[in-house]
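This report refers to the structure that appears directly beneath it.
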Amino acid sequence: MDIEKIERAIQTLKSRSKHVASMNLDAQLAYKLAIDALEDSKKQIPKKPIGNAMRYCPHCEKVFVNSNNDYCHRCGGAIEQE
């Protein structure tokens, strides 16, 4: 799944979840879990790090220590290797 499809799915779920208030708690929880899962899946798509001298994670924007890692040690986001 590419990032655009994930973003569309998240927006669809968020717009539909506005009507969830009239649903039962199980339905509300299901929408929240689906949105959270999609948000987390965005981190698994590798992105190029931000910056040159100081390397920042493109997902959480925090400095990451080892630029040889394929993931951010803080948020777990996938880092594209150059």
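Points worth noting:
- Filtered residues of segment 53-66 (kept if part of a loop (DSSP other than H, G, I, E, B), free of Cβ contacts under 8 Å to residues at least 12 places away in the same chain and either of a type in the set (G, A, S) or farther than 13 Å from Q81 by Cα (or both)): A53, M54, E61, V65
- Inclusion of K14 among residues that are over 13 Å from the mean Cα position of the chain (by Cα) and either surrounded by 13 or more Cβ atoms within 10 Å (Cβ to Cβ) or within 23 Å of G77 (Cβ to Cβ) (or both) is warranted.
- Among the residues of segment 25-65, just one is in contact with a strand residue (DSSP E or B) (Cβ under 9 Å, 6 or more places away or on another chain) and of a type in the set (D, E), namely E61.
- Residues that are without any contact (Cβ under 8 Å) to a residue 24 or more places away in the chain and either hydrophobic (A, V, I, L, M, F, W, C) or under 30 Å from N68 (Cβ atoms) (or both), drawn from segment 8-49: V20, A21, M23, L25, A27, L29, A30, L33, A34, D36, A37, D40
- Selection of segment 36-52 for residues being in a loop (DSSP other than H, G, I, E, B) and farther than 24 Å from T12 by Cβ yields P46, K48, P49, G51, N52.
No lab work stands behind these numbers, since they all come straight from the coordinates. Small disclaimer: the values here were computed from a predicted structure and weren't measured. Don't worry about glycine lacking a Cβ; one is built from the backbone with ideal geometry, like all the others, and counts go over all protein chains shown.
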